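Below: the structure, in structure tokens.
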Protein chains: 2
Amino acid sequence: MSYELFVEVTRNSTVESRHFGAAVVCDHKGNVLESWGDVKRLIFPRSALKPLLAIDLVNSGASDHYALSDAEITMACASHQGEPMHQEVVAAWLSRLGLNEDFLACGPDLPDDIESARKLLVSGQQGCRVYHNCSGKHAGFLTTALHLDMPLEDFHLVDHPLQKLSLDGLCELAGTDLRQYPMGIDGCGFPAITMPLVNLAQAVARFAKPTDLSDARMQSIYRLQQAIIREPLYAAGHGTVVSELNQVTKGAVLAKTGAEGVLTAALPEQGLGIAIKISDGGSRARSTALLAILDHLGALSGEEKNHLQAHITPKIENSRGLVVGEIHPARSWLPG
Amino acid sequence: MSYELFVEVTRNSTVESRHFGAAVVCDHKGNVLESWGDVKRLIFPRSALKPLLAIDLVNSGASDHYALSDAEITMACASHQGEPMHQEVVAAWLSRLGLNEDFLACGPDLPDDIESARKLLVSGQQGCRVYHNCSGKHAGFLTTALHLDMPLEDFHLVDHPLQKLSLDGLCELAGTDLRQYPMGIDGCGFPAITMPLVNLAQAVARFAKPTDLSDARMQSIYRLQQAIIREPLYAAGHGTVVSELNQVTKGAVLAKTGAEGVLTAALPEQGLGIAIKISDGGSRARSTALLAILDHLGALSGEEKNHLQAHITPKIENSRGLVVGEIHPARSWLPG
């Protein structure tokens, strides 16, 4: 079976919808510890690559040269929700570089955070590039390009020297030549790389425990981890599974979302990487699936699970504010 | 296999996400002509029931007594997008009944139509009950309750006499005692009935060709069909597959959406009913699946398919306005 039944959505205890997916747990040596579904199938990791693509920001010396804050480094790794705190950091960062939002290659967008989007519309504002969930990644790439004297123009295109450098780094982490696989274009204009799901988990495991990489790249990854652990709310935003997992586990689980149902988690202490693809590309099932795997691995304490309950079995409310159902892991999937 | 692969989502020709589902085509005698996946599995039809639940509005004499317009009758059957045209009809209808939006049992909502929602927010307004996609159904039930001297209070609850009457009618259409199955609560507070997918298709086929029902119920269904065919834009809204299929086929295909990936189609001329459930509950795959089945049945001309291309293989644009992928029927699924 290419996919397994991961998550059920119930209405008054009767299953209404079902989410299928594939998932894999790897260690930093590339060993597959557990897998579900066809994990050799090509997937688009999308934004799950952001932390891995940010390594050059540190490794090139750019982050030190521009004295980037932990919040800025974290936002280079983030799919942020466009809350005011995120908007402010990206705008100030661009301004310090002598740039503005026109240099970002992503298109204009409203914040993913509904309340922030609502407030902007009510105040008569429109979507803009800074609000795009990728604006921190773009600011990070611009910072590196400036520092390395690379052209800022077309920095999002696959032939730009910084994209080539990034892809080389990704190949090392994924343990395979990614140029052999098809490529698309991402929501923000960046190359949308593909790889087997298992290679994504291996790359995330090497990010979790980079001890087999060069010393410089290892130290760069530790710097990224440190920033993300210190500034969890800049890694996604209030109420998100990414920020809350980081906060509740005190940095023991560094998750990252990717569009179309992708979710990864790096566990630095254990040197593990987890990669999940929900087949339908929707976003509501992936947190429940990840938390079920983390629980299965014994990676969460009872207290941590209590704090994360809203992500483990999210409740579904109707327009009258009644709880009418919930999202939970399928019973058949994981033992105990 | 409980579900079959119906729809693929590609990025630059590589499949990124996959939607699985079940579907069935029945005739008005209840015969199953074709099916895919497990069609005996219980599903929640959700709003796909609205046209079937509107029969009592006509059959009770309420629609004649209150001289309902075609637009109003259509909105009793509709999941509308909350465009200004929809807001106006429901508000005027309630006012003519001597009621206001406080009588609607659905909670407040913003319009499903993004532009309408945006304009409301920009103009400083909030969500309200009239904008809820079910407001026409609620107005229809209130009209029938008034006409039958039933209490208006709690008309959305399963024990209300009008809900009992509706459920009796549904049982006849579905050809089974629906009280044997579990029930939940819908987004708007109504009972959320369950039934096997095949019974939903049978019910829709009997709505398409009601010649085996009592003369009064048959005529009531013809009146509903006539209204919906005359006022397709009140059946959902601009740009929707429901309204556009109705318009392009001149009423030969009357589709109806249900939350969580449900889509039905009544084909009055052929006496057919189609019911589709996309397992993951998302809404982006169901139109493509329905149009593939209609094409497979030879129910669409080449010209009609041209007009419906945006629903057959929707294009995916990124934030820069580039077409980066598409949604299409899986090749393996339907022959030629």
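Could you list B:Leu322, A:Leu334, B:Leu104 in order of exposure, starting from the residue whose Cβ has the fewest other Cβ atoms within 10 Å?
Going from least to most buried by this count: B:Leu322, A:Leu334, B:Leu104.
Taking the alpha-carbon distance from B:Lys50 and a cut-off under 29 Å, which lysines remain once sequence neighbours fewer than 8 residues away in the same chain are dropped?
A:Lys315, B:Lys29, B:Lys40, B:Lys119, B:Lys137, B:Lys164, B:Lys209, B:Lys250, B:Lys256, B:Lys277, B:Lys305
Compute the Cα gyration tensor for the stretch B:1-113, then decide on rounded, prolate or oblate, letting a ≥ b ≥ c be the square roots of its eigenvalues: rounded whenever a/c is under 1.5, prolate when a/b is larger than b/c in the other cases, and oblate in all that remain. Write out the running numbers ahead of the final one.
Details: a/c = 3.07, a/b = 1.66, b/c = 1.85.
Oblate, because a/c is 1.5 or more while a/b does not exceed b/c.
Starting from the Cα gyration tensor of chain B, take the square roots of the eigenvalues, sort them a ≥ b ≥ c, and report rounded, prolate or oblate (rounded when a/c is under 1.5, otherwise prolate if a/b is larger than b/c, else oblate). Before the final figure, lay out the partial values.
On the way: a/c = 1.70, a/b = 1.25, b/c = 1.36.
Note, shape of chain B comes out oblate.
Under a Cβ-Cβ limit of 4.7 Å, which cysteines in chain B have nobody to pair with?
Those would be B:Cys26, B:Cys77, B:Cys128, B:Cys171, since no other cysteine Cβ in chain B comes under 4.7 Å of theirs.
As a footprinting exposure proxy, order B:Ile55, A:Ile327 by other Cβ within 10 Å, with the fewest listed first. Numbers along the way, then the final one.
Working: B:Ile55 27, A:Ile327 20.
Least crowded to most crowded, the residues run A:Ile327, B:Ile55.
Rounded to the nearest 0.05, what FRET efficiency is calculated for B:Asp215 and A:His307 with R0 set to 60 Å and r the Cβ-Cβ distance?
The calculated FRET efficiency here is 0.45.
First check a/c for the protein assembly as shown, with a ≥ b ≥ c the square roots of the eigenvalues of its C-alpha gyration tensor; if it is under 1.5, answer rounded, and if not, answer prolate when a/b is larger than b/c or oblate otherwise.
Verdict is prolate for the protein assembly as shown.
Can you list the HN-Hα couplings for the stretch A:176-183, worked out from phi with the Karplus curve (6.51, -1.76, 1.60; θ = phi - 60°), rounded to whole Hz and with x for Gly and Pro?
Each residue's phi maps through the Karplus curve to give 7, 7, 6, 5, 6, 9, x, 9 Hz.
When the Cα atoms of the stretch B:110-231 are enclosed in a convex hull and the volume is divided per residue, what value in Å³ results? The partial results should precede the final answer.
Values: hull volume 17.8 nm³, N = 122.
Value for the stretch B:110-231: 146 Å³ per residue.
Between A:Ser123 and A:Leu157, how high is the FRET efficiency from 1/(1 + (r/R0)^6) when r is the Cβ-Cβ distance and R₀ = 56 Å? Nearest 0.05.
Numbers: r = 35 Å, r/R0 = 0.62.
The value I calculate is 0.95.
Report the extension gain between B:Leu148 and B:Ser13 in nm, rounded to one decimal, defined as 0.36 nm multiplied by the number of residues separating them, less their alpha carbon distance.
So the extension gain works out to 42.9 nm.
Separation of the stretch B:40-62 and the stretch B:299-318 by C-alpha centroid, Å?
Each part reduced to its Cα centre gives a spacing of 28 Å.
Sort A:Trp333, B:Trp93 so that the residue with the fewest other Cβ atoms within 10 Å of its own Cβ comes first and the one with the most comes last.
Going from least to most buried by this count: A:Trp333, B:Trp93.
Hey, for a label at A:Asn100 modelled as a point 7 Å past Cα toward Cβ, could you say which residues of the stretch A:130-161 have their backbone N under 14 Å away?
Under 14 Å, as judged by backbone N against the label point of A:Asn100, lie A:130 of the stretch A:130-161.
Provide the FRET efficiency to the nearest 0.05 for the A:Val323-B:Lys164 pair, computing r from the beta carbons and using R0 = 30 Å.
Step by step, r from the Cβ atoms, then E = 0.75.
Do the sum for the protein assembly as shown: with -39,500 (n - 2.57) for every DSSP H run of n ≥ 4, divided by all residues, what is the mean residue ellipticity at 222 nm, to the nearest 500 deg cm²/dmol?
-10500 deg cm²/dmol
Report the residue, chosen from B:Gln81, B:Gln270, B:Gln180, that carries the largest GNM mean-square fluctuation when chain B is represented by alpha-carbon nodes joined by springs under 10 Å.
Residue with maximal mean-square fluctuation among B:Gln81, B:Gln270, B:Gln180: B:Gln180.
Read the figures in this text as sums done on the coordinates, not as results from a lab. Note that this is a predicted model, so its numbers are computed, not measured. All Cβ positions, even for glycine, are placed from backbone atoms using ideal geometry, and neighbour counts span all protein chains on display.
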